[in-house]
1. Kindly list, by first and then second residue, each pair from a residue in the stretch 102-127 that is over 21 Å from VAL75 (Cβ atoms) to a residue that is assigned to a strand (DSSP E or B) and among the hydrophobic types (A, V, I, L, M, F, W, C), limited to pairs with Cβ atoms under 9 Å and residues at least 6 apart or on different chains.
2. Taking the stretch 151-175 as the region of interest, how many residues are of a type outside the set (Ser, Thr, Tyr) and in a loop (DSSP other than H, G, I, E, B)?
3. Those residues that are open to solvent by 20 Å² or more (accessible area, probe 1.4 Å) and either on the phi > 0 side of the Ramachandran plot or in a strand (DSSP E or B) (or both), I need them from the stretch 131-150; list them, please.
4. Here are the criteria: (1) more than 25 Å from LEU9 (Cβ to Cβ); (2) touching a His at 6+ places or on another chain (Cβ under 6 Å). Tell me which single one LEU169 does not satisfy.
5. Which strands (runs of 3 or more DSSP E) does the stretch 1-99 wholly contain that include 1 or more residues that are surrounded by 20 or more Cβ atoms within 10 Å (Cβ to Cβ)?
6. Which ones in the stretch 118-130 are more than 21 Å from PHE88 (Cβ to Cβ) and in a loop (DSSP other than H, G, I, E, B)?
7. If you go through the stretch 151-165 one residue at a time, do you hit one that is over 15 Å from the mean Cα position of the chain (by Cα), buried (at least 18 other Cβ atoms within 10 Å of the Cβ) and among the polar types (S, T, N, Q)?
Amino acid sequence: MDNQKCGLLIDTGCDPQILPILKQIEYENRSQPVCQVILTHSHYDHTKILKDIKSIWPVKTYAYSAYLHGIDNVVKGGETVQVNGKNFDLIHVPGHSTDSICIYCRENQLLFSGDTPLTIWGTEGTYERPFVEAFEKLVQLPVHSIYPGHGEVITKDCNKILDQSLRNLRKSRVL
């Protein structure tokens, strides 16, 4: 099989129905559907099917948490993973969990946020300083679309939303 089109899977999820879908993609393209998996954090709804995927395909895996089984590369943030000529920057953003990362594709200006809260609508919240500092890095990126772990894709005014969220974060209680 030709691995030229071998893809990246961001979070495996917890629904085993992804497996027949990936097998169908493999059959149609005559190519391994996934070569690399990046986990945005260690919660089961983002990681549960990893073992099954690894039992079928030889994938390289990346995650911030060293405690997840089946991880080949423990990252700290700042690394870049290349897939099919595209660069995916791994950014540690400890907000939703201590091991949360966001993934940014430079070439397409896409931000995969996992469960990291990126739309901060008010100033009533309390946030830890490392989250605010990481958020300040995210705001500097040109973002065309945001793909959250749950919910709708954001394709309009991404940088405006991030800018407003940062303003709200700075007015919130920061520990």
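The values are calculated or read from the model by the stated rules, or taken from the named source; none is laboratory data. Computed from a prediction, not measured in an experiment: that's the story for all the values here. Counting neighbours? That spans all protein chains shown, and the Cβs are built from the backbone with ideal geometry, glycine included. Please note that ligands, DNA and RNA were not included when accessible areas were found on the heavy atoms of the full protein model with its side chains. Shrake-Rupley method; radii C 1.70, N 1.55, O 1.52, S 1.80 Å.
1. Pairs that qualify, where the first residue is over 21 Å from VAL75 (Cβ atoms) and the partner is assigned to a strand (DSSP E or B) and among the hydrophobic types (A, V, I, L, M, F, W, C), are THR119/ILE146; THR119/ILE154; THR126/VAL174; TYR127/VAL174.
2. Residues in the stretch 151-175 being of a type outside the set (Ser, Thr, Tyr) and in a loop (DSSP other than H, G, I, E, B): 6 in total.
3. TYR147, PRO148
4. Going through the list (1) more than 25 Å from LEU9 (Cβ to Cβ); (2) touching a His at 6+ places or on another chain (Cβ under 6 Å), LEU169 breaks only (2).
5. Hits in the stretch 1-99: 7-10, 34-38, 60-63, 86-92.
6. THR119, ILE120, TRP121, GLY122, THR123, GLU124, GLY125, GLU128 - these are the residues of the stretch 118-130 that are more than 21 Å from PHE88 (Cβ to Cβ) and in a loop (DSSP other than H, G, I, E, B).
7. yes
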